[in-house]
Amino acid sequence: MNYLKRTTHKWKSHLAFTIVELMIVVTIIGILALIAIPMYMKVRLRSQDAAFIHDLKTLTNHTFLPYSMSTGKYPPDAAPGIEPEGIHDFLPRNFEWTKSPAIGGIWDWDRATDRLHKIHCCYAGISICNPHRTESEMRDIDKILDDGNILEGIFRKRAGGYIYILEN
């Protein structure tokens, strides 16, 4: 009987981890997390930027330009988050104008009433109001779309957001 207890005790001690071993494992996992999480966040931000740029170009090339070619004009101005009148049939399948873009904020269609009274320094453009990005992050998006200067070019800063200009 005594022999049985001793064998059982030895068996249990070989299966268990010591506190030091557990602390080493937790430390290694923590270091890996410190390396991986910022990289993951950066990749996530870049993928959201890419989705936003894709949506912006899709809206330009498959919605607003075809609309203007078929009707001879751009749709009238619309409030932020409100789908511009007449574009529903031109929107890509499964695209919801009222849904927040990948970078956050609200879609907005801006069109001046005439070419003399421009809105946000242009006649027609697709805007993003209140995106969840810093100015520096928006400058990175502008580097892909334009020239990296958000104060001029086809993608620029406007009051309360940014605009992608379709026609000056």
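The values are calculated or read from the model by the stated rules, or taken from the named source; none is laboratory data. The shown structure was predicted, so the numbers you read here are calculated from the model rather than taken from an experiment. All Cβ positions, even for glycine, are placed from backbone atoms using ideal geometry, and neighbour counts span all protein chains on display.
The table below gives the values:
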| item | result |
| --- | --- |
| Search result, residues across the stretch 80-131 that are among the hydrophobic types (A, V, I, L, M, F, W, C) and touching a Gly at 6+ places or on another chain (Cβ under 9 Å) | Trp97, Ile106, Trp107, Trp109, Ile119, Ile128, Cys129 |
| Count - residues of the stretch 62-99 that are among the small types (Gly, Ala, Ser), assigned to a helix (DSSP H, G or I) and out of contact with any Leu (no Cβ under 9 Å at 6 or more places or on another chain) | 1 |
| Condition check for Ile106: among the aliphatic types (A, V, I, L, M), surrounded by 12 or more Cβ atoms within 10 Å (Cβ to Cβ), at pLDDT 95 or above and in contact with a strand residue (DSSP E or B) (Cβ under 7 Å, 6 or more places away or on another chain) | yes |
| From the options Ala50, Ala33, residue that is under 18 Å from Ile141 (Cα atoms), surrounded by 11 or more Cβ atoms within 10 Å (Cβ to Cβ) and among the hydrophobic types (A, V, I, L, M, F, W, C) | Ala50 |
| Inter-residue pairs, beta-carbon under 6 Å, first over 11 Å from Phe90 (Cα atoms) and in the stretch 64-78, second polar (S, T, N, Q) and surrounded by 11 or more Cβ atoms within 10 Å (Cβ to Cβ), 6+ apart | Tyr74/Ser68 |
| Residues satisfying the stated conditions in the stretch 100-115, i.e. over 17 Å from Pro75 (Cα atoms) and outside any strand (DSSP E or B) | Ser100, Pro101, Ala102, Ile103, Gly104, Gly105 |
| Residue within the stretch 137-145 that is part of a helix (DSSP H, G or I), more than 17 Å from the chain's Cα centre (by Cα) and not β-branched (Val, Ile, Thr) present | no |
| Selection from the stretch 118-133 of residues that are assigned to a loop (DSSP other than H, G, I, E, B) and closer than 16 Å to Leu166 by Cα | Lys118, His120, Cys121, Tyr123 |
| Number of the condition not met by Lys143 [criteria: (1) within 18 Å of Ala51 (Cα to Cα); (2) surrounded by fewer than 14 Cβ atoms within 10 Å (Cβ to Cβ); (3) touching a residue at least 24 places away in the same chain (Cβ under 8 Å)] | (3) |
